[in-house]
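Throughout, read-outs are computed from the coordinates displayed, never taken from laboratory work. This structure is a prediction, so every number in the text was calculated from the model and none was measured. Here the Cβ is made from the backbone with ideal geometry for all residues, glycine too, and neighbour counts use every protein chain on show.
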Ligand SMILES: Nc1ncnc2c1ncn2[C@@H]1O[C@H](COP(=O)(O)OP(=O)(O)OP(=O)(O)O)[C@@H](O)[C@H]1O
Ligand SMILES: [Mg+2]
């Protein structure tokens with residue numbers, strides 16, 4: 001479980017996150033939804049330590065993640081997998097080497113073991129025979145899938161996905177959604193997903209946090225969204241209805 | 001105040017990026033790749049520039065000696081020392097600032113804006129060390145090696161131009177070239193080369209690492225890296241010369 005308490009974050013005096021508190025549970029897909037510019041990405045980057053908040057607390061299964069040394073942060077980070085909005089694949093490395101990277105960095109597995117795991121991860125995201133291609137030679141959807149494969153390479157305890165299906169066609173989107181939901185349950189991962197794709201939210205969310213103007217405005221599960229009387233949330237849902 | 005801040009940032013960056021590699025096998029792979037790229041990419045340009053600089057130096061210094069009381073065979077000696085002491089290390093470093101420095105800044109800058117650096121951090125990798133250390137190790141080998149190579153070629157350039165211009169006989173020139181050779185000039189030149197390689201790599205890496213935005217900003221970072229590396233080279237050239245030649 002990941003716990004956030006009273007997170008405040010600003011850039012050059014402009015406050016972006018206001019007193020955000022939230023909890024994300026193990027084995028569940030927790031969604032963070034909200035309008036563009038609301039602060040979802042900043043919140044996620046703060047959670048994984050890429051941004052440092054002015055105040056607040058972040059806990060990973062009871063372990064403080066803020067007030068610890070860089071070297072200690074690295075240990076918790078090795079349990080984190082993250083899918084970036086643009087994939088963030090290493091463009092000097094082939095697909096295979098991208099996925100193998102965390103294994104080569106943090107394990108002493110043999111070459112064969114690494115390749116076996118790479119192929120397992122690729123199969124898991126429905127990709128085959130792309131091992132030797134480079135990121136510049138594969139499509140956006142494939143990049144995202146390779147990004148997921150790399151994120152799950154070392155069986156993370158925590159998985160963060162920033163807009164996993166923005167810019168993808170509906171079929172690939174659903175495929176990626178299903179994939180994330182499956183591995184979350186299968187490996188009992190604490191998964192946090194940023195999204196404004198309401199179809200994903202209604203399909204696969206276990207818990208939803210609605211971020212509005214930098215505040216955690218509403219919290220509940222998908223069955224409560226339709227009946228909510230929170231005006232801002234209702235407006236947001238209405239606007240995204242198709 | 002702004003400059004002090006920037007300098008502080010630079011020192012913090014050095015502290016973060018210099019140290020024992022986290023995974024030696026990974027480091028070695030990157031190091032070999034960078035070393036090959038730096039050496040291979042720069043071979044041609046260093047060759048051309050060195051030969052021409054040596055050739056021009058011989059003609060110009062020869063021109064100044066004509067009619068003076070200094071015997072002409074000294075020409076070889078003066079040109080040799082100018083090449084070894086100043087032209088080869090400094091000019092090679094300036095050219096490398098443009099090539100290797102620009103390259104490092106844009107490579108790291110691209111990794112930064114496309115979130116590859118963030119991806120490394122998330123995995124629990126010290127991204128500064130992972131990216132910079134192999135490049136630093138490669139450049140402190142590649143650049144001094146290129147400087148030594150440039151010393152030979154610039155003196156070869158001198159011989160060629162003497163041969164064509166006939167200011168002095170080639171045998172007379174070579175006699176001067178081999179006269180009163182002091183090994184300290186090599187120590188001095190290589191000290192400069194090591195210092196310059198360190199400056200080029202770290203300054204360029206910092207600029208790459210600080211890049212925010214997109215492709216446009218990567219271009220700016222690369223330009224800033226080259227300009228500041230060049231200034232640092234000239235400045236340290238002056239300091240080191242003061243310290244080492246006038247003991
Ligand atoms: N590095 C930064 N420096 C300054 N301001 C920033 C920075 N990063 C984000 N912001 C500001 O923080 C606010 C929230 O941005 P954020 O990227 O979190 O939005 P978001 O909810 O993820 O939007 P989207 O759905 O479009 O991805 C924006 O107003 C943005 O301008
Ligand atoms: Mg975002």
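If you take the beta carbon distance between residue B:220 and residue B:45 as r and set R0 to 30 Å, what does 1/(1 + (r/R0)^6) give as a FRET efficiency, to the nearest 0.05?
Values: r = 24 Å, r/R0 = 0.79.
For residue B:220 and residue B:45, the calculated efficiency is 0.80.
Tell me the label-point distance for the pair residue B:243, residue A:219, using the 7 Å Cα-to-Cβ offset, in nm and rounded to one decimal.
My value for the distance between the label points is 5.8 nm.
Kindly give Rg over Rh for the range A:156-242, based on alpha-carbon atoms, with the Kirkwood expression for the hydrodynamic radius.
On the way: Rg = 13.3 Å, Rh = 13.8 Å.
Checking Rg against Rh, the ratio lands at 0.96.
Residue separation times 0.36 nm, minus the C-alpha to C-alpha distance between residue B:37 and residue B:70: what's the value?
Numbers: separation 33, 0.36 × 33 = 11.88 nm, distance 4.51 nm.
Gain on stretching residue B:37 to residue B:70: 7.4 nm.
Using DSSP, restrict attention to beta bridges with both residues in the protein assembly as shown and report what percent are antiparallel, rounded to the nearest 5. Write out the running numbers ahead of the final one.
Values: 19 of 37 bridges.
Close to 50 percent.
Grab the Cα-Cα distance for residue A:231 and residue A:174, subtract it from 0.36 nm times how many residues apart they are, and report the gain in nm with one decimal.
On the way: separation 57, 0.36 × 57 = 20.52 nm, distance 2.85 nm.
Result: 17.7 nm gained on full extension.
Which of A:152, A:138, A:58 moves the most in a Gaussian network model of chain A with Cα springs under 10 Å?
With Cα springs under 10 Å in chain A, the top fluctuation among A:152, A:138, A:58 is at A:138.
Top mean-square fluctuation among B:115, B:217, B:107, Gaussian network model of chain B, C-alpha springs under 10 Å?
Fluctuation is largest for B:115.
Could you work out which residue, out of A:225, A:68, A:33, moves most in a Gaussian network model of chain A, that is, has the largest mean-square fluctuation with Cα springs under 10 Å?
A:68
Suppose R0 equals 41 Å. What FRET efficiency, 1/(1 + (r/R0)^6) with r the Cβ-Cβ distance, do residue A:131 and residue A:188 give to the nearest 0.05?
Numbers: r = 29 Å, r/R0 = 0.70.
After rounding, the FRET efficiency stands at 0.90.
Add -39500 (n - 2.57) for each DSSP H run of 4 or more in chain A, then divide by its residues: what number comes out at 222 nm, to the nearest 500 deg cm²/dmol? Don't skip to the end; give the middle numbers.
Details: 9 runs with 91 residues, N = 242.
Value at 222 nm, helices only, nearest 500: -11000 deg cm²/dmol.
For residue A:115 and residue A:240, FRET efficiency with R0 = 45 Å and r from the beta-carbon atoms, rounded to 0.05? It would help to have the intermediate numbers written out before the result.
Details: r = 42 Å, r/R0 = 0.94.
Approximately 0.60, to the nearest 0.05.
May I ask for the equivalent-ellipsoid semi-axes of the protein assembly as shown, computed as the square root of five times each C-alpha gyration tensor eigenvalue and listed largest first in whole Å? Walk me through the intermediate numbers first.
Values: eigenvalues 670, 103, 68 Å².
Gyration-tensor ellipsoid for the protein assembly as shown: 58, 23, 18 Å.
Assuming a ≥ b ≥ c are the square roots of the Cα gyration tensor eigenvalues, decide whether the range A:108-165 counts as rounded (a/c under 1.5), prolate (otherwise, with a/b larger than b/c) or oblate. Don't jump to the answer; show the numbers that get you there.
Working: a/c = 2.21, a/b = 1.16, b/c = 1.90.
Judged from the Cα gyration tensor, the range A:108-165 comes out oblate (a/c at least 1.5, b/c at or above a/b).
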